[in-house]
Amino acid sequence: MLIRHGAIVRPSNTSNFDLAPLSSEGWQQMNRLGAEWPFAKPSAIYSSTILRAVQSATVLQTAFHVPLERKECLREWTANPADLPQEAYMNLERRAWHDLGWVPPGGESLGMAGDRVTRCLEGIATSHHAETVAVVGHGTLFSQFIARLSGSAPTEAYKNSIRNAGFAVVAHGDHWRLVSDFRVVS
């Protein structure tokens with residue numbers, strides 16, 4: 001299960017959201033997902049190291065009483081980690097979506113981020129053969145991965161369509177397979 005973190009308290013004066021916590025809505029979204037979990041209980045939960053993902057994963061860990069491991073390889077992609085005005089940051093991000101190979105000041109192209117998340121998920125899948133595992137992360141990385149599975153080019157529009165606390169189901173055997181695209185519990 002790939003799970004995008006819950007809604008955050010979005011800062012209005014910076015482009016760096018690394019320290020942004022879940023909002024009350026985000027906590028509710030994640031609690032609802034834990035309560036209405038539509039699949040087998042996960043044997044483990046993995047999370048990005050960024051606060052909003054860790055908080056989201058902790059809700060699920062509490063619901064299921066399973067181990068939680070934070071993984072740097074699930075960390076959200078950024079065009080520039082500096083504290084930029086949001087419009088300046090968005091210009092960099094739009095350029096990166098236009099050219100997936102372009103390396104922005106953050107040092108990682110979107111294509112490189114797709115490689116990173118694919119390697120990370122391969123490692124998790126190898127460690128949990130035939131188990132249900134919850135992986136809590138970010139829309140940008142998950143959009144890169146899902147695009148690869150569907151054989152399409154990743155797009156900003158698809159990334160923007162992944163709702164907070166949304167989940168997709170992927171399966172790994174001889175190869176990856178998209179079982180169910182991103183949706184939310186109703």
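The values are calculated or read from the model by the stated rules, or taken from the named source; none is laboratory data. It should be emphasised that the depicted structure is a prediction, and the values quoted were computed from it without experimental measurement. For neighbour counting, all protein chains shown are included, and Cβ atoms are generated from backbone atoms with ideal geometry for every residue, glycine included.
Mind listing whichever residues of the stretch 145-157 are more than 28 Å from Ala35 (Cβ to Cβ) and surrounded by 15 or more Cβ atoms within 10 Å (Cβ to Cβ)?
So in the stretch 145-157, the residues more than 28 Å from Ala35 (Cβ to Cβ) come out as 147-157.
Result: Ala147, Arg148, Leu149, Pro154, Glu156.
Given the conditions (1) over 22 Å from Ala157 (Cβ atoms); (2) in contact (Cβ under 8 Å) with a residue 40 or more places away in the chain; (3) within 14 Å of the chain's Cα centre (by Cα), report the number of the one that Ala40 does not fulfil.
Tallying (1) over 22 Å from Ala157 (Cβ atoms); (2) in contact (Cβ under 8 Å) with a residue 40 or more places away in the chain; (3) within 14 Å of the chain's Cα centre (by Cα), Ala40 fails exactly one: (3).
Specify which of the listed residues (Leu149, Leu92) is part of a helix (DSSP H, G or I) and touching a strand residue (DSSP E or B) at 6+ places or on another chain (Cβ under 6 Å). Steps first, please.
Details: Leu92 fails: touching a strand residue (DSSP E or B) at 6+ places or on another chain (Cβ under 6 Å).
Leu149 is the lone residue from the list that is part of a helix (DSSP H, G or I) and touching a strand residue (DSSP E or B) at 6+ places or on another chain (Cβ under 6 Å).
When residues of the stretch 128-147 are filtered for being more than 15 Å from the chain's Cα centre (by Cα) and without any contact (Cβ under 8 Å) to a residue 60 or more places away in the chain, how many remain? If you could, list the steps in order and put the result at the bottom.
So the first thing to find is which residues in the stretch 128-147 are more than 15 Å from the chain's Cα centre (by Cα), and the list is 128-132.
In the following step, the residues that additionally are without any contact (Cβ under 8 Å) to a residue 60 or more places away in the chain were identified as 129-130.
Of the residues in the stretch 128-147, 2 are more than 15 Å from the chain's Cα centre (by Cα) and without any contact (Cβ under 8 Å) to a residue 60 or more places away in the chain.
Would you say Glu122 is exposed (fewer than 15 other Cβ atoms within 10 Å of the Cβ) and either more than 13 Å from the chain's Cα centre (by Cα) or under 19 Å from Leu74 (Cα atoms) (or both)?
Numbers: exposed (fewer than 15 other Cβ atoms within 10 Å of the Cβ): yes; either more than 13 Å from the chain's Cα centre (by Cα) or under 19 Å from Leu74 (Cα atoms) (or both): yes.
Spelling it out, Glu122 is indeed exposed (fewer than 15 other Cβ atoms within 10 Å of the Cβ) and either more than 13 Å from the chain's Cα centre (by Cα) or under 19 Å from Leu74 (Cα atoms) (or both).
From Phe182, Phe142, grab the single residue that is of a type in the set (Phe, Trp, Tyr), outside any strand (DSSP E or B) and closer than 20 Å to Pro38 by Cβ.
Numbers: Phe182 fails: outside any strand (DSSP E or B).
Matching residue, one of Phe182, Phe142: Phe142.
Residue check, Arg94 against (1) out of contact with any Phe, Trp or Tyr (no Cβ under 8 Å at 6 or more places or on another chain); (2) surrounded by 14 or more Cβ atoms within 10 Å (Cβ to Cβ); (3) in contact (Cβ under 8 Å) with a residue 40 or more places away in the chain; (4) under 18 Å from Lys159 (Cα atoms), all met but one. Which one?
(2)
Among the residues of the stretch 75-91, write down those that are of a type in the set (A, V, I, L, M, F, W, C) and either in contact with a Phe, Trp or Tyr (Cβ under 6 Å, 6 or more places away or on another chain) or buried (at least 17 other Cβ atoms within 10 Å of the Cβ) (or both). Please lay out each step first, then the result.
Keep residues of the stretch 75-91 that are of a type in the set (A, V, I, L, M, F, W, C), which gives 77, 79, 82, 84, 88, 90.
Within the stretch 75-91, Trp77, Ala79, Leu84 qualify.
Only one residue in Leu60, Leu33, Leu22, Leu74 is more than 21 Å from Leu110 (Cα to Cα), touching a His at 6+ places or on another chain (Cβ under 8 Å) and of a type outside the set (D, E, K, R), so which one is that?
Details: Leu60 fails: touching a His at 6+ places or on another chain (Cβ under 8 Å); Leu33 fails: touching a His at 6+ places or on another chain (Cβ under 8 Å); Leu74 fails: more than 21 Å from Leu110 (Cα to Cα).
Matching residue, one of Leu60, Leu33, Leu22, Leu74: Leu22.
Being modelled with pLDDT of 95 or more, among the β-branched types (Val, Ile, Thr) and out of contact with any helix residue (DSSP H, G or I) (no Cβ under 9 Å at 6 or more places or on another chain) is the requirement here; does Thr132 meet it?
Values: modelled with pLDDT of 95 or more: yes; among the β-branched types (Val, Ile, Thr): yes; out of contact with any helix residue (DSSP H, G or I) (no Cβ under 9 Å at 6 or more places or on another chain): yes.
It is true that Thr132 is modelled with pLDDT of 95 or more, among the β-branched types (Val, Ile, Thr) and out of contact with any helix residue (DSSP H, G or I) (no Cβ under 9 Å at 6 or more places or on another chain).
Scan the stretch 101-116 and report the pairs whose first residue is over 15 Å from Pro81 (Cβ atoms) and whose second residue is among the polar types (S, T, N, Q), with Cβ atoms within less than 6 Å and a gap of 6+ or a chain change.
If the second residue must be among the polar types (S, T, N, Q), the pairs left are Gly101/Ser109; Trp102/Ser109; Gly114/Gln144.
So which residues in the stretch 97-116 are surrounded by 12 or more Cβ atoms within 10 Å (Cβ to Cβ) and part of a helix (DSSP H, G or I), if there are any at all?
Residues satisfying the conditions are Trp97, Leu110, Gly111, Met112, Ala113, Gly114, Asp115, Arg116.
Is there a residue being buried (at least 17 other Cβ atoms within 10 Å of the Cβ), at pLDDT 95 or above, of a type in the set (A, V, I, L, M, F, W, C) and in a loop (DSSP other than H, G, I, E, B) anywhere in the stretch 160-168?
So the first thing to find is which residues in the stretch 160-168 are buried (at least 17 other Cβ atoms within 10 Å of the Cβ), and the list is 162, 164-168.
Okay, now just the ones that are also at pLDDT 95 or above, so 162, 164-168.
Then drop every residue that is not of a type in the set (A, V, I, L, M, F, W, C), which leaves 162, 165, 167-168.
Now restrict to residues that are in a loop (DSSP other than H, G, I, E, B): 162, 165.
Taking every residue of the stretch 160-168 in turn, at least one turns out to be buried (at least 17 other Cβ atoms within 10 Å of the Cβ), at pLDDT 95 or above, of a type in the set (A, V, I, L, M, F, W, C) and in a loop (DSSP other than H, G, I, E, B).
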